[in-house]
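Everything on this sheet refers to the single structure shown next.
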Amino acid sequence: MPSYEYRGQQINISDADTEYKGYFEAAAEHRLVVKKCLDCGLLRGEPGPGCPWCTSLQWEWNQVSGKGTIYSYQIVAHTVVPSFRDWAPFAIVLVELDEQSGQPDQYDGLRITANLVDENMEPEKEENVAIGKRVEVAFLDGEDGFTLPQFRLIDEPPKGTVWQHQV
């Protein structure tokens with residue numbers, strides 16, 4: 001069983017863990033993968049054994065581009081996790097990936113969650129975070145081969161309206 005340390009926290013990924021093992025193996029190669037249902041063909045980013053649309057248990061890992069749009073976000077102003085206190089405030093983003101935007105209907109899409117980082121792999125400034133902004137995957141390489149997919153802003157124009165929380 002691979003065991004990693006990230007920001008002072010121990011992370012263990014069992015060899016039998018089909019939910020995450022392939023995801024982290026691909027991330028170590030700087031590839032972003034999601035599950036593809038072998039029955040209906042739809043992609044999903046969240047863990048779980050069954051397809052949320054057709055309930056099939058048949059799936060395989062599928063590489064995606066890692067480009068998308070911020071669908072939602074949260075600014076973590078204060079964290080109770082000691083190893084992230086030096087990062088606060090930081091943005092956690094829900095990204096709708098381009099591969100399946102608005103499918104299987106206009107209210108659904110292929111969405112995954114990660115931190116939003118800048119070009120130095122530090123937390124992106126809160127004033128730069130907004131729903132509708134374009135992002136791409138960035139890989140944060142840790143020790144012992146552990147890699148975390150994160151997102152960073154890109155200079156592509158938004159595909160729709162941009163919204164930002166104003167204090």
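The values are calculated or read from the model by the stated rules, or taken from the named source; none is laboratory data. Small disclaimer: the values here were computed from a predicted structure and weren't measured. Here the Cβ positions follow ideal geometry from the backbone for every residue, glycine too, while neighbour counts run over all protein chains shown.
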Self-check item: Residue tally, condition part of a strand (DSSP E or B) and either aliphatic (A, V, I, L, M) or touching a Phe, Trp or Tyr at 6+ places or on another chain (Cβ under 9 Å) (or both), over the stretch 127-158
Solution: 11
Quiz item: For the stretch 43-95, which residues satisfy the criterion of being β-branched (Val, Ile, Thr), over 15 Å from the mean Cα position of the chain (by Cα) and at negative phi?
Solution: Ile75, Val76, Thr79, Val80, Val81
Quiz prompt | Members of the stretch 116-126 that are surrounded by fewer than 19 Cβ atoms within 10 Å (Cβ to Cβ), part of a loop (DSSP other than H, G, I, E, B) and not basic (Lys, Arg) | solution = Asp118, Glu119, Asn120, Met121, Glu122
Exercise. Could you list all residues from the stretch 32-72 that are touching a residue at least 24 places away in the same chain (Cβ under 8 Å), part of a loop (DSSP other than H, G, I, E, B) and crowded, with 20+ Cβ neighbours inside 10 Å?
Key: Gly45, Gly66
Quiz item: Among the residues of the stretch 144-158, how many are touching a helix residue (DSSP H, G or I) at 6+ places or on another chain (Cβ under 9 Å) and exposed (fewer than 14 other Cβ atoms within 10 Å of the Cβ)?
Solution: 1
Quiz item: Of Thr161, Thr113, which residue is more than 15 Å from Arg7 (Cα to Cα), among the β-branched types (Val, Ile, Thr), in contact with a Gly (Cβ under 9 Å, 6 or more places away or on another chain) and outside any loop (DSSP other than H, G, I, E, B)?
Solution: Thr113
Self-check item: Inter-residue pairs, beta-carbon under 6 Å, first buried (at least 16 other Cβ atoms within 10 Å of the Cβ) and in the stretch 81-104, second in a loop (DSSP other than H, G, I, E, B), 6+ apart
Solution: Ala91/Glu124; Ala91/Val129; Glu96/Gly109; Leu97/Leu110; Glu99/Leu110; Gln100/Gly109; Gln100/Leu110; Ser101/Gly109
Quiz item: Restricting attention to the stretch 4-28, and to residues there that are out of contact with any Leu (no Cβ under 9 Å at 6 or more places or on another chain) and touching a residue at least 40 places away in the same chain (Cβ under 8 Å), which single residue is surrounded by the fewest Cβ atoms within 10 Å (Cβ to Cβ)?
Solution: Gly8
Practice problem: Kindly establish whether Gly66 is at pLDDT 95 or above and within 12 Å of Gly45 (Cα to Cα). | Solution: yes
Quiz item: Filter the stretch 1-31 for residues that are of a type in the set (D, E, K, R) and part of a loop (DSSP other than H, G, I, E, B); which is farthest from the chain's Cα centre (by Cα)?
Solution: Asp15
